[in-house]
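The structure under discussion appears below in the form of structure tokens.
Laboratory data are not the source of any read-out in this text; all were calculated from the coordinates shown. This is a predicted model, so every value here is computed, not measured. Cβ atoms come from the backbone with ideal geometry, glycine included; neighbour counts cover every protein chain shown.
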Amino acid sequence: MIVLLAPLSHVPIWEMPAEQRRRIVRTLPHVTFHDVYARADIARHIGEADVAFVPGLTADELAAATRLRWIHTQAAGVGHLLTPALVESDIVLTNSRGIRAPAIAEHVMGLALMLARQLHTTRDRQRAGLWAQDELERGGRMWTLAGRRMGIVGLGAIGQAVARLAAAFGMEVRGIRRRTEEPPPPGVRAVLPPHRLPELLAESDVLVLASALTAETEGLIGREALQRMPRHALLINVGRGGLVREDDLVDALRAGVIGGAALDVFVHEPLEPSSPLWTLPNVIVSPHVSGAIEGYWDRIADLFLENLRRFERGASLLNVVDKRAGY
């Protein structure tokens, strides 16, 4: 078996370090690895690879990959890989979903607490040396999560991890997913199909976006959706920036259509310095770090090694992507 090991990225922190690459190679000495560090080297080796750990393949690279049977990616989102040629091929695609879910769930609850308890405002007033007791307590802007309703769009690994924590806070959780025939995950009171999103919007005090970006979900939260939400509602996006129409969100936040937003992902990253989202008082911006977790690359290496062993013996792989569904 020949494996092309090229977990590269244009963002340095999303590229697997050499230490974990060496561990993968050492652990399976009977496997031939091409461990490459330059994008140009992918084209040199893809034609002889049975397996490729890559961020994606160009049309020419995919056409040359006549032996390729399986692609793995270090990301959870795979929209950028799903070209028509790959979708129609027999190549199996796996991703790294689930590894960051516990960290993202804690991040979501931290953001929800910050907005609900006005901790971001408290910190701003602290920096200004202002005692804001009257402003915060009498303004009616502080509330508790217990007894409130959370809606989650996307009940994959991240959405389910968020639901468990939200339920522990005493929140009533409902979620949207395509497969409604399965029992609700732990912490989720009800699962709704996608066409009932307007109902979920109207009944959610906190709306969490944790879905993949697909043709069906792009721009899902725009002007009309925001107007369906309660005026005090909070929007938290840890899915993909393209789920939200950012201009519509800015307008809604300025007009008080919703109470606030916490965003970890954006349409264009880094977020442009000119974006109003930086300075709106009811917005928290985090720079795509909700999934930061200690030992992340060791976990990615462990997942890939486990799948390599499964692939060798013809067993089912973990984290297989439904290429037509997009996740």
For the range 255-283 and the range 198-239, what is the separation of their Cα centres, given in Å?
15
Against the rule of thumb 2.2 N^0.38 Å, how large the Cα Rg of the range 52-160 comes out
1.73
Beta bridge orientation in the range 1-91: antiparallel %, DSSP, nearest 5
0
Residue order, fewest to most surrounding Cβ atoms within 10 angstrom, among Arg100, Arg299:
Arg299, Arg100
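Can you give the direction-averaged projected area of the convex hull of the alpha-carbon atoms in the range 5-117, in nm²?
On the way: hull surface 35.5 nm².
Over every viewing direction, the Cα hull of the range 5-117 projects on average to 8.9 nm².
Would you please calculate the Kirkwood hydrodynamic radius of the range 180-327 over all C-alpha pairs and express it in Å, rounded to one decimal?
17.6
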Could you please state, rounded to a whole Å, how far the C-alpha centre of the range 1-37 is from the C-alpha centre of the range 91-105?
18
In this structure, the FRET efficiency calculated for His80 and Leu28 from their beta-carbon separation, with R0 = 25 Å, to the nearest 0.05, is 0.35
Tell me, what is a quarter of the convex hull surface for the C-alpha atoms of the chain, in nm² with one decimal?
18.2
Could you put Leu113, Leu209 in order, starting from the residue whose Cβ has the fewest other Cβ atoms within 10 Å?
Leu113, Leu209
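Pulled fully out, how much extra length does the chain show between Gln227 and Arg69, if you take 0.36 nm times their separation in residues and subtract their Cα-Cα distance?
Values: separation 158, 0.36 × 158 = 56.88 nm, distance 4.65 nm.
Gain on extension, Gln227 to Arg69, equals 52.2 nm.
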Restricting to the chain, what percent of DSSP beta bridges are antiparallel, rounded to 5?
5
Take every Cα-Cα pair in the range 94-251 and report what % of them are more than 19 Å apart.
55
Could you give each residue of the range 178-183 its phi-based ³J(HN,Hα) in whole Hz, using Karplus coefficients 6.51, -1.76, 1.60 with θ = phi - 60°, and x for Gly or Pro?
6, 8, 9, 6, 7, x
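Relative contact order for the range 101-285 using alpha-carbon pairs under 8 Å, separation at least 6, rounded to a whole percent? Don't skip to the answer; put the middle values down first.
Details: 343 pairs, mean separation 34.3, N = 185.
It comes to 19 percent, rounded to a whole number.
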